[in-house]
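S.K.: Here it is, the structure, as structure tokens.
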Amino acid sequence: MRPRLRLPARSRTGRLPALGALALVVVICGLIAWHVGVKLVYLRGDVLLSAYTVLVSGYVLSRFVLAACYRPPHDAGITPSVAIVVPAYNEGEAVARTIHSCLGLVYPEDKLEVVVVNDGSSDDTWAHMEKAAARYPDGRVRCVDLGENRGKRAAMAAGIRATSAEILVFVDSDSMPAPGSVRRLVQGFADPEVGAISGLTYVRNAEHNVLTRMQAARYYVSFQLLKSAESVLGAVTCCSGCFAAYRRAAIAPLLDAWEHQRFLGVECTYGDDRALTNRVIKSGWTTRYDARAEAWTDAPDRYRKFFRQQLRWKKSWSREGPLLLAHIWRSRTRALPSVAVQTIAGMLSPIVVMYGLLAPLAGGQFPMVYFLGLYLVSMGYALLYRVLRDDGLWTYAFIGTFFYVAFSPQLLWAIARIRDGKWGTRDADTAKPSVSPVPRALQVYSATGGTDA
């Protein structure tokens with residue numbers, strides 16, 4: 001396998017389960033390929049469900065194949081000027097933690113600055129920002145106060161305009177990059193065609209409850225499998241807002257249009273990361289993923305907040321997915337099949353799930369093949385997680401796949417509410433977030449052979 005799949009140094013006993021999981025991943029990929037072949041040859045019966053199964057199974061199989069070909073950008077030894085932009089809204093003391101972690105990065109001090117933007121917070125966020133900034137020499141931290149709540153995009157745009165750095169790194173105010181992460185993240189910009197690079201984000205509060213464990217597993221598989229595959233094609237469709245870098249030359253011409261984007265007659269207030277990545281790809285730039293550049297973020301630990309977050313993300317995807325498909329055929333042609341299947345299958349997913357569950361109740365046949373395919377995909381994700389990490393959460397990658405599929409009909413509600421610009425989690429939660437330390441369990445193996453925490 002490629003270097004990304006190399007295991008950290010461990011005892012022979014510790015390696016055996018991972019090697020066994022790797023062998024099972026290969027077997028499952030073979031079963032999925034056989035399943036697709038059989039369906040194509042004997043396409044009969046329930047044509048809709050069969051076609052959907054072939055579509056999704058083929059897509060998943062291609063993710064494993066492409067991810068096996070993934071290699072992180074090589075270390076070119078470059079150190080361009082970098083500004084870390086941190087938009088903050090009612091983050092309290094959490095924003096101070098983010099500022100300190102950003103200024104603790106291993107990067108030349110004269111080429112690194114932090115721009116923190118207070119998006120009209122109603123709590124003591126501004127006081128914490130000023131107090132944290134005062135601990136560093138003048139110029140290391142720039143604090144910008146918008147005076148009123150204007151939304152995350154406005155805050156990010158204000159941060160971009162407050163600096164002239166060549167590379168702009170976006171970090172959420174509840175996220176924390178690893179010490180060597182920014183130095184690693186910028187190496188991909190040695191390629192003049194690269195406009196944006198996404199890092200790898202872990203869930204910091206993974207051990208809190210079952211919900212955060214499922215999210216932690218989902219995050220990891222999404223980055224290490226899906227983004228790796230997209231990176232091979234040069235079209236990572238969403239450089240995560242938690243931790244991603246953009247070339248100033250790539251986004252400067254797009255800034256005004258992105259900040260004031262309108263859709264169906266209303267201003268877009270969510271999906272800032274996906275929308276910006278979409279525009280970068282449309283402009284002809286390549287987008288990549290670097291698995292060595294690591295950061296941590298807090299995931300929702302309550303179901304109500306989680307479902308509100310997912311609704312916002314689904315609204316973003318249902319807007320930006322078709323927009324991406326409309327131009328990907330010319331902006332990144334080799335990624336067209338992948339984006340087309342992802343968009344079509346994603347849109348059909350809630351219908352297929354409800355059809356599969358309701359058909360037997362109406363006297364139809366139970367869709368055994370569909371659920372068998374879902375089982376194989378879930379197990380493939382779980383075993384891949386076990387190959388790459390040994391933290392005991394691999395079973396949650398399996399359970400989580402069924403969990404996420406089960407509430408995929410939420411997409412229909414997201415489409416119905418697509419013109420609603422409410423943030424959701426901001427409106428629902430006014431309590432200050434807790435400040436979570438980085439668990440030792442999240443000190444993970446990196447592609448360079450060491451750990452970052």
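S.K.: Checking the condition part of a helix (DSSP H, G or I), more than 30 Å from Leu103 (Cβ to Cβ) and at pLDDT 90 or above, which residue from Val54, Val38, Val26 passes?
M.R.: Exactly one residue qualifies, and that residue is Val26.
S.K.: Sticking with this one: Hey, any hits in segment 154-177 for a residue that's over 27 Å from Leu200 (Cα atoms) and β-branched (Val, Ile, Thr)? Walk me through how you get there before you give the answer.
M.R.: Quick first cut of segment 154-177, residues over 27 Å from Leu200 (Cα atoms) only: none.
No, there is no match, as no residue in segment 154-177 is over 27 Å from Leu200 (Cα atoms) and β-branched (Val, Ile, Thr).
S.K.: Something else now. If you go through segment 279-330, how many residues are closer than 21 Å to Phe170 by Cβ and of a type in the set (A, V, I, L, M, F, W, C)?
M.R.: Adding up the residues that qualify gives 12.
S.K.: Still on this structure: With respect to Ala229, determine if the residue is outside the structural domain of Tyr404 (by TED's automatic domain parsing), crowded, with 22+ Cβ neighbours inside 10 Å and over 25 Å from Val86 (Cα atoms).
M.R.: Taking the combined requirement at face value, the residue satisfies it.
S.K.: Got at least one residue in segment 282-302 being in contact with a Leu (Cβ under 9 Å, 6 or more places away or on another chain), under 30 Å from Ala158 (Cβ atoms) and hydroxyl-bearing (Ser, Thr, Tyr)?
M.R.: Looking through segment 282-302, at least one residue is in contact with a Leu (Cβ under 9 Å, 6 or more places away or on another chain), under 30 Å from Ala158 (Cβ atoms) and hydroxyl-bearing (Ser, Thr, Tyr).
S.K.: Further question: What number of residues within segment 272-319 are of a type outside the set (Val, Ile, Thr) and assigned to a helix (DSSP H, G or I)?
M.R.: 25
S.K.: Residues of segment 238-271 being part of a helix (DSSP H, G or I) and among the β-branched types (Val, Ile, Thr), which ones?
M.R.: If the condition is that a residue be part of a helix (DSSP H, G or I) and among the β-branched types (Val, Ile, Thr), then Ile251 is the only one that fits.
S.K.: So how many residues does segment 207-237 have that are modelled with pLDDT of 95 or more and not in a helix (DSSP H, G or I)?
M.R.: 6
S.K.: Here is a follow-up. Taking Ala340 and the conditions (1) in a helix (DSSP H, G or I); (2) in contact (Cβ under 8 Å) with a residue 60 or more places away in the chain; (3) surrounded by fewer than 20 Cβ atoms within 10 Å (Cβ to Cβ), which numbered condition does it fall short on, given that it satisfies the others?
M.R.: (2)
S.K.: How do the pairs read when you match residues in segment 133-160 that are under 25 Å from Tyr246 (Cα atoms) with residues anywhere that are surrounded by fewer than 16 Cβ atoms within 10 Å (Cβ to Cβ) and of a type outside the set (Lys, Arg), using Cβ under 7 Å and keeping only pairs 6 or more apart or on different chains?
M.R.: Qualifying pairs under 7 Å: Cys143/Glu130.
S.K.: Then there is this: Restricting to segment 343-358, count the residues that are free of Cβ contacts under 8 Å to residues at least 60 places away in the same chain and under 23 Å from Lys227 (Cβ atoms).
M.R.: Number of matching residues: 1.
S.K.: Among (1) within 12 Å of the chain's Cα centre (by Cα); (2) at pLDDT 95 or above, which single condition is Thr286 missing?
M.R.: Among (1) within 12 Å of the chain's Cα centre (by Cα); (2) at pLDDT 95 or above, Thr286 violates only (1).
S.K.: Going by the structure shown, is Ala133 surrounded by fewer than 19 Cβ atoms within 10 Å (Cβ to Cβ) and touching a strand residue (DSSP E or B) at 6+ places or on another chain (Cβ under 6 Å)?
M.R.: Considered against the rule, which asks whether it is surrounded by fewer than 19 Cβ atoms within 10 Å (Cβ to Cβ) and touching a strand residue (DSSP E or B) at 6+ places or on another chain (Cβ under 6 Å), Ala133 comes out as yes.
S.K.: Being more than 26 Å from the chain's Cα centre (by Cα) and part of a helix (DSSP H, G or I) is the filter; apply it to segment 130-182 and report the residue that is farthest from Ile84 (Cα to Cα).
M.R.: Ranking the qualifying residues of segment 130-182, first place goes to Lys131.
S.K.: Still on this model: Looking at segment 68-93, which of the residues that are closer than 15 Å to Glu130 by Cβ and more than 20 Å from the chain's Cα centre (by Cα) is surrounded by the most Cβ atoms within 10 Å (Cβ to Cβ)?
M.R.: Across segment 68-93, the extreme among qualifying residues is Glu91.
S.K.: Something else now. Could you tell me whether any residue of segment 112-120 is in a loop (DSSP other than H, G, I, E, B) and modelled with pLDDT of 95 or more?
M.R.: Within segment 112-120 (the criterion being in a loop (DSSP other than H, G, I, E, B) and modelled with pLDDT of 95 or more), the answer is no, since none of the residues qualifies.
S.K.: More than 30 Å from Ala340 (Cα to Cα), assigned by TED's automatic domain parsing to the domain that holds Val186, among the hydroxyl-bearing types (Ser, Thr, Tyr) and in contact with a Lys or Arg (Cβ under 8 Å, 6 or more places away or on another chain), is that true of Tyr89?
M.R.: The answer is yes for Tyr89.
One line per residue, one yes/no per condition, for (1) of a type in the set (Val, Ile, Thr); (2) without any contact (Cβ under 8 Å) to a residue 40 or more places away in the chain; (3) in contact with a strand residue (DSSP E or B) (Cβ under 6 Å, 6 or more places away or on another chain); (4) under 26 Å from Asp273 (Cα atoms):
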residue	(1), (2), (3), (4)
Tyr52	no, no, no, no
Val56	yes, no, no, yes
Val60	yes, no, no, yes
Cys102	no, no, yes, yes
Asp110	no, yes, no, no
Gly120	no, yes, no, yes
His128	no, yes, no, yes
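S.K.: Moving on. Is it true that Ala96 is out of contact with any Pro (no Cβ under 8 Å at 6 or more places or on another chain), touching a residue at least 24 places away in the same chain (Cβ under 8 Å), assigned to a loop (DSSP other than H, G, I, E, B) and within 25 Å of Tyr246 (Cα to Cα)?
M.R.: Spelling it out, it is not the case that Ala96 is out of contact with any Pro (no Cβ under 8 Å at 6 or more places or on another chain), touching a residue at least 24 places away in the same chain (Cβ under 8 Å), assigned to a loop (DSSP other than H, G, I, E, B) and within 25 Å of Tyr246 (Cα to Cα).
The values are calculated or read from the model by the stated rules, or taken from the named source; none is laboratory data. What you see is a predicted model; the values in this text were computed from it and never measured. Methodologically, a virtual Cβ is constructed for each residue, glycine included, from the backbone with ideal geometry; neighbour enumeration extends over all protein chains shown.
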